Protein chains: 2
Amino acid sequence: MNRSASIKDVANHASVAVGTVSNVLNYPDRVSQRTKDRVLKAIDELGFVRNDAARQLRAGHSRTIGLIVLDVGNPFFTAVVRAAEDAAALHGSAVLLGDSGHDAAREANYIDLFQEQRVQGLLISPVGDVTERLDLLRERGVPTVLVDRLADEAKFSSVAVDDDAGGYLAARHLLDTGRRRLAFVGGPTSIRQVADRLQGARRAVKEEADATLEVLESEGQTVLAGRSVGNSLVERGREGLPDGIFCANDLLALGVMQSLTMTHTFRIPEDVALIGYDDIDFAVSAVVPLSSIRQPTEALGRTAIQLLAEEVGSRNPTHRSVVFTPELVVRQSTKAN
Amino acid sequence: MNRSASIKDVANHASVAVGTVSNVLNYPDRVSQRTKDRVLKAIDELGFVRNDAARQLRAGHSRTIGLIVLDVGNPFFTAVVRAAEDAAALHGSAVLLGDSGHDAAREANYIDLFQEQRVQGLLISPVGDVTERLDLLRERGVPTVLVDRLADEAKFSSVAVDDDAGGYLAARHLLDTGRRRLAFVGGPTSIRQVADRLQGARRAVKEEADATLEVLESEGQTVLAGRSVGNSLVERGREGLPDGIFCANDLLALGVMQSLTMTHTFRIPEDVALIGYDDIDFAVSAVVPLSSIRQPTEALGRTAIQLLAEEVGSRNPTHRSVVFTPELVVRQSTKAN
DNA sequence: TCGTAACAATGAAACGATTCAAAGATCCGC
DNA sequence: GCGGATCTTTGAATCGTTTCATTGTTACGA
């Protein structure tokens, strides 16, 4: 299990200089066909594989970019990961992935690790207060792009989705299909995303003089939390029921849907329209296919890499904040009466 | 924006030899307290960060292991990823993640990339026929552990879950709760996992003289495919209906559940019991909480890293295949009558 | 045949860490 | 004060690649 062949071994085997082998690999045009053939044959016979560590050492930086997400299990982030991987591949680099799991300590670990790896740049959806660490990185010339969080444009670029606009879209759609007694389900409102979506919904409701918006705070963002809110709605009976419900995410919406349909007292969308947020895979296959707000995750990931690429090249980088607008996906759960 | 400080800069700044700085970092005990303090101060002042490329070059190998999964979006794999990351962190190494997306070309790309990175070992859930590439790796002393696929033990270690046992468990549970006319929903049977689960179910059914098993092949493994199978069952009416249904995964089961409950003609579990496979997050929050078969993903990932760690050390590694037994999770959808 | 482009090939130096034999300090007992 | 043991520190050599100034080769028109 002797150590693997180096460029020197290849050079000896092909009776050329090491520089020539390097040229074959990096600048094939500079090498004559005959030598190229000999070298390639030698490479093949020895099973030579480039040692990336040595390349990096010489180059001063790696060909990887770091990506730190809050949770690989979250469909939003897996989509971003995939897009980032694809986009990076186009630039000829690879993605180092770290999952902070909402844990500031793990996040810090990954930042340090990636710094030792001399990543070309960093994509991060931050948990803790990492501005200090990121400032250090920036001073060293490692650009950072914040994902799903707006940033001080003097310092960082960022990509995010406009949750206020998403909330507006959802509520506006309910209003446009004739609903007037709206309810917002979500919580805790200390979560920025929740607060922004609610704010957007409020904005839409204000546009209609006769429309009202009731806020039903949920315990978390799960199906079960949604079901418990749904149950309390069912208890109100037909009188007190809103005619349009906007949930801060699809899981909540599915929970609410279960409560309302299970009892067979209310029909969706005839008695009450229901719209969620995120457009998860399950939305389309719910009992009543769920209308939702789709976030352009693919574009988000791609753009993040692109912003990073712009900064990696330049000496005096300018920063940009790109905000994406979410998209309304209409399905049966909000069909007009 | 000047290039970052090297160990030499630190040595100058602290007026010691480079070897001493290295010792401070790697063998603190060899260094006197006074020098240690001076060096650490210099490191701090210069903001020195180790260059991992140089370390690797010297060491001949990296401190990373490669992990190639079929799909980061799949909860099974995200669980494995998390477990692997945690386990690797304990060994002081990091995980390089690649998503092959069921694409043999991307898979091959990642293998090559990881080889250039000189990963210490490789965890892979293979798509294409990679035995050749993996053989090459093995000859170079890079051990590989196959995930979720059994391997020739002469060559590789592997970790997998016993799908036959899972199928048996599911069917046995239906039988134990008094059901006798069973149906298996899944397809295409060319997928190994589907075939194995069916085989296990058959084994269980054979144990009861008066039990029967009907196979309903589905078009894929989605909620919609399940719903279409469910609809055809509803059409049969109460007579032809099985009294216990085992679906090859939870998505199918949820689809079947939707069909059966939507029409309000059949009740779960009174008229028909339903059990799925994988125990996805949604199983517990289905309209009728779904019984399922849980795969020990966490143990799987942890063990995979451990097997790898065993081989990384040894000169003449022995291979092991670890097969995990899945676990029955009973919920309301299979409650006894 | 000569001069000169244009093209190919060479190999030493550099990247930044670790290693290790050797040199230098320090301490202790007598 | 001395010999010897122990503890610290030193710095050149090394890992495998890329770079680039230099040298060698070829081709072609005059």
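For chain A, the mean residue ellipticity at 222 nm estimated from helices alone is -14500 deg cm²/dmol, where every DSSP H run of n ≥ 4 contributes -39500 (n - 2.57) and the total is divided by all residues, rounded to the nearest 500.
Under a point-charge model restricted to the Cβ atoms of Lys and Arg (+1) and Asp and Glu (-1), what is the dipole moment magnitude of segment A:200-312 relative to its Cα centre, in debye to the nearest 20?
Approximately 160 debye in magnitude.
At 1.4 Å probe size, with every protein chain present, just tell me what the per residue accessible area of segment A:17-160 comes to in Å².
On a per-residue basis, segment A:17-160 sits at 45 Å².
Counting only residues at least eight positions apart within a chain, or on another chain, the lysines with an alpha carbon under 30 Å from that of residue A:8 are A:36, A:41, B:8. By definition, a body whose alpha carbon gyration tensor gives a ≥ b ≥ c is oblate when a/c is 1.5 or more and a/b is not larger than b/c, and segment B:70-110 fits this oblate description.
With the charge dipole of the protein assembly as shown set up from +1 on Lys and Arg Cβ and -1 on Asp and Glu Cβ about the Cα centre, the Cα lying farthest toward the positive end among the listed residues A:28, A:18, B:40 is that of A:18. Once you reduce segment B:55-120 and segment B:13-40 to the center of their Cα atoms, the two points are 34 Å from each other.
Quick one: work out the % antiparallel among DSSP beta bridges in chain B, nearest 5. Walk me through the numbers before you get to the answer.
Details: 3 of 36 bridges.
Of those bridges, close to 10 percent are antiparallel.
Only Lys, Arg, Asp and Glu carry charge here, each on its Cβ (+1 for the first two, -1 for the last two); on that basis segment B:7-50 has a dipole of about 120 debye about its Cα centre. Between segment B:273-326 and segment A:288-337, the alpha-carbon centres lie 34 Å apart. The other copies place their residue B:203 label points at 6.0 nm from this one, listed shortest first, where each point is 7 Å from Cα along Cα→Cβ.
How big is the antiparallel share of DSSP beta bridges in the protein assembly as shown, given as a percent to the nearest 5? Taking every DSSP beta bridge with both residues in the protein assembly as shown, the antiparallel ones total about 10 percent.
For the pair residue A:325 and residue A:234, the difference between a 0.36 nm per residue extended length and the Cα-Cα distance amounts to 29.4 nm. Once all protein chains are placed together, residue B:102 keeps about 120 Å² accessible to a 1.4 angstrom probe. Please work out whether the protein assembly as shown counts as rounded, prolate or oblate from its C-alpha gyration tensor, where a ≥ b ≥ c are the square roots of the eigenvalues and a/c under 1.5 means rounded, while otherwise a/b larger than b/c means prolate and anything else oblate? Oblate shape, in that a/c is at least 1.5 and b/c is the bigger or equal ratio.
Computing the accessible area with a 1.4 Å probe over protein heavy atoms, can you report the carbon and sulfur percentage for the protein assembly as shown?
Heavy-atom surface of the protein assembly as shown belonging to carbon and sulfur, 1.4 Å probe: 49 percent.
If you take the Cα centroid of segment A:194-228 and the Cα centroid of segment B:249-270, the two points sit 31 Å apart. Rounded to the nearest 20, the Cβ-based charge dipole of the protein assembly as shown about its Cα centre (Lys and Arg +1, Asp and Glu -1) stands at 1920 debye. A convex hull fitted to the Cα coordinates of segment A:114-169 yields 87 cubic angstrom per residue.
The values are calculated or read from the model by the stated rules, or taken from the named source; none is laboratory data. Predicted model only: the values in this text are computed from it and were never measured. Reconstructed Cβ throughout: ideal geometry from the backbone, glycine too, with neighbour counts over all protein chains shown. Each accessible area value is taken on the protein alone, full model and side chains, heavy atoms only, with ligands, DNA and RNA left out. Shrake-Rupley method; radii C 1.70, N 1.55, O 1.52, S 1.80 Å.
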